[in-house]
Amino acid sequence: MPYRGLLAHYGPLLDLPAHTRPVTLLEGNTPLIPAVSLARQLGGGFELYIKYEGLNPTGSFKDRGMTAAISEALGRGVTTVICASTGNTAASAAAYAARAGMKSIVLIPQGKVAAGKLAGAIAYGAQVIQIDGSFDDALTMVVEISRKHPISLVNSINPYRIEGQKTAAFEICDGLEQAPDWLCLPVGNAGNITAYWAGFKQYNNLKWSGLPHILGVQAAGAAPLVLGHPVEHPETVATAIRIGKPARGEQALEAAEESAGRIIAVSDEEIVAMQKLLARLEGIWVEPASAAGLAGLAHEIAAGKFDARGRRIVAICTGHGLKDPEIVTQGMDKPKIVAPQLQALEEVILG
Ligand code: F0G
């Protein structure tokens, strides 16, 4: 049977109301790519897989949650949706709203959204509003306005977002024919870690047995769950997770504790170094935030706090590298310009 999207594939496992009317871009079904060279580089002796969520229709994992949230909203007769976003949720909400014939409004922190995400939101026809503040400020505002007006909220506070995002855990178990030993992923507003843990728990004993330990990774400049208190002015190169008051922070901490895992922080340097390593060793280019899970794994192995031997580890790479091209091109040496003559080319290549 041809693939018909997440609601068609996993619908019976998702807690969605009967009025739900599927809106899909055939999201999900993303590859689980073995990363043999990277595993060797990190010390070897374990299996490493990349769940490449950047290959979803709008370039991030948000599409899993958005197909569910927009489908539910459409069935309820909603005509306008709103979200606060560091960029990926905005692009995804805009695309699914467009497909459903709805209006979308997205609030983004001024000057802190990567080019590929902003361009996406505009291309899909969203009303884009910059807030002279942080993501956390924008989230507070969309919660308030959606209470006051007939505008539906599609941030991950919306429970249907979590239902949709559980499907990534199902896919991983189906791909491996069991749960992995560890799951590493970036944590921002903490919707995704909440969804994975819910998905793994639901699938345990339903189809395959076992639960992974969860390693959630924040950027050091935006690590409220590691510090134990909100961060007023979060700052990180990984703008997707530049969040100081995660909406589902409690649930993220629960997921880490229940799974006998943990939430840690890594530096921007570690994130950018891992982004580069992954691209160069495996041919997988992800946006900075998406490298945080792997950077956390590398950090723990290097610190001797993680016995990877014999383990099967899955790292979630949440968004495509094309979302944030500037992080690579800014400050780089411009490619050499060569006259259109063979000899000139030979000089450059052969020296
Ligand atoms: N990775 C990427 C690429 C993201 O865009 C996000 C969140 C995360 C990881 C963290 O996921 O929030 O569920 O813990 N981006 C949101 C947005 C905040 O607005 O696009 P989370």
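The values are calculated or read from the model by the stated rules, or taken from the named source; none is laboratory data. Just so you know, these numbers come straight off a predicted model, no measurement behind them. Methodologically, a virtual Cβ is constructed for each residue, glycine included, from the backbone with ideal geometry; neighbour enumeration extends over all protein chains shown.
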Practice problem: Determine the pairs where a residue that is assigned by TED's automatic domain parsing to the domain that holds residue 50, located within the stretch 265-291, has a partner that is assigned to a helix (DSSP H, G or I) and of a type in the set (D, E, K, R) with Cβ atoms under 7 Å apart, the partner being 6 or more residues away or on another chain. | Solution: 287/323
Self-check item: Residues located in the stretch 46-91, provided they are in a strand (DSSP E or B), within 9 Å of the ligand (Cβ to nearest atom) and not polar (S, T, N, Q)
Solution: 83, 84
Practice problem: Would you mind stating whether residue 39 is surrounded by fewer than 24 Cβ atoms within 10 Å (Cβ to Cβ) and hydrophobic (A, V, I, L, M, F, W, C)? | Solution: yes
Quiz item: Pick from the stretch 228-239 the residues that are in contact (Cβ under 8 Å) with a residue 12 or more places away in the chain and more than 14 Å from residue 268 (Cβ to Cβ): which of them is surrounded by the most Cβ atoms within 10 Å (Cβ to Cβ)?
Solution: 231
Quiz item: When the stretch 314-351 is examined, which residues are found to be assigned by TED's automatic domain parsing to the domain that holds residue 213, of a type in the set (Val, Ile, Thr) and either within 12 Å of the ligand (Cβ to nearest atom) or out of contact with any helix residue (DSSP H, G or I) (no Cβ under 8 Å at 6 or more places or on another chain) (or both)?
Solution: 316, 318
Quiz prompt | Identity of the residue in the stretch 13-39, in a helix (DSSP H, G or I) and in contact with a strand residue (DSSP E or B) (Cβ under 9 Å, 6 or more places away or on another chain), that ends up farthest from residue 302 (Cα to Cα) | solution = 36
